[in-house]
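Report on the following structure.
The values are calculated or read from the model by the stated rules, or taken from the named source; none is laboratory data. Here the structure is a predicted model, which is why all the values come from computation and not from measurement. Backbone-built Cβ (ideal geometry, glycine too); neighbour counts: all protein chains shown. What goes into the accessible areas is simple: the full protein's heavy atoms, side chains included, and nothing from ligands, DNA or RNA. Shrake-Rupley method; radii C 1.70, N 1.55, O 1.52, S 1.80 Å.
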Amino acid sequence: MADILGLGGRVALVTGAGQGVGRQIALHLGGALNSGGVVVNDYVLERAEAVAAEIRAGGGMLAPDTNEAPVVLVDRVARESGLGTMLRGTQPNATGVRVQLEAAPFDTMITWLATLEARYGLAIDSITVDRGQRQGLVNANITFSQAKH
């Protein structure tokens, strides 16, 4: 049976998402495997922010915040992923941002990269990865750009 709430990769705008049925729909769509993300909307900002935080904490997907500059987005998601202290440089460029990571856990970096592309539309233009001094750690130079959707 087909999922009647399936998004097929599209973004959903859920109004009244701060409570009740709207909240439940936002949580469901945010956690759906084929979701393009959810815009959580409610006339009480605190409720909308709480639901958005709940979706994010559960591994769900929010629609990209188009008002956030790529350099700010990269820094925020790195901190949320546990890579904040490994960032050695973030520099905006004409199409996105350049990033340097030092002594970053490889698996964590890969998850971070996938999150930036899938959830926020940042594509990797170029990447150089070198083995770190300890097993499982890497140094990386990455250039991101806004993906074309």
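For the range 6-149, what is the charge dipole size about the Cα centre, in debye to the nearest 20, if Lys and Arg each add +1 at the Cβ and Asp and Glu each add -1 at the Cβ?
On the way: 12 positive and 13 negative charges, 35 e Å.
With Lys and Arg at +1 and Asp and Glu at -1, about 160 debye.
222 nm [θ] for the chain, helices only, -39500 (n - 2.57) per DSSP H run of 4+, per residue, to 500?
On the way: 4 runs with 51 residues, N = 149.
Per the formula, -11000 deg cm²/dmol.
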Using Cα-Cα distances under 8 Å and only pairs 6 or more residues apart, what relative contact order does the chain have, in percent? 17 percent
How do 21-30, 41-50 rank on mean C-beta neighbours within 10 Å, highest first? 21-30, 41-50
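Given contacts defined as C-alpha pairs under 8 Å and at least six residues apart, what's the relative contact order of the range 81-149, whole-number percent?
Values: 123 pairs, mean separation 24.3, N = 69.
Relative contact order, the range 81-149: 35 percent.
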Counting sequence-distant residues (5 or more places) and residues on other chains, those with an amide H built under 5 Å from that of Arg88 are Gln100, Leu101, Glu102
Taking 0.36 nm per intervening residue step and subtracting the Cα-Cα distance, what contour gain separates Asp125 from Arg88 on full extension? 11.4 nm
For the chain, give the percent of accessible area contributed by carbon and sulfur heavy atoms, probe 1.4 Å, rounded to a whole number. 53 percent
Amide H neighbours of Gly82 under 5 Å, at least 5 residues apart or on other chains, H built in the peptide plane: list them. none
With point charges of +1 on the Cβ of Lys and Arg and -1 on the Cβ of Asp and Glu, referenced to the Cα centre of the range 17-66, which listed residue (Ala57, Ala32, Val44) lies farthest in the positive direction of the dipole? Ala32
In degrees from 0 to 90, rounded to the nearest 10, what is the angle of the helix 20-31 Cα long axis to the longest principal axis of the chain? 30 degrees
Candidates for Cα extents along the principal axes in Å are (i) 134, 24, 18; (ii) 51, 33, 28; (iii) 107, 45, 31, and the calculated one carries label (ii)
Enter the angle in degrees (range 0 to 90, nearest 10) between the Cα long axis of helix 106-120 and the first principal axis of the Cα atoms of the chain, meaning the one along which they spread out most. 40 degrees
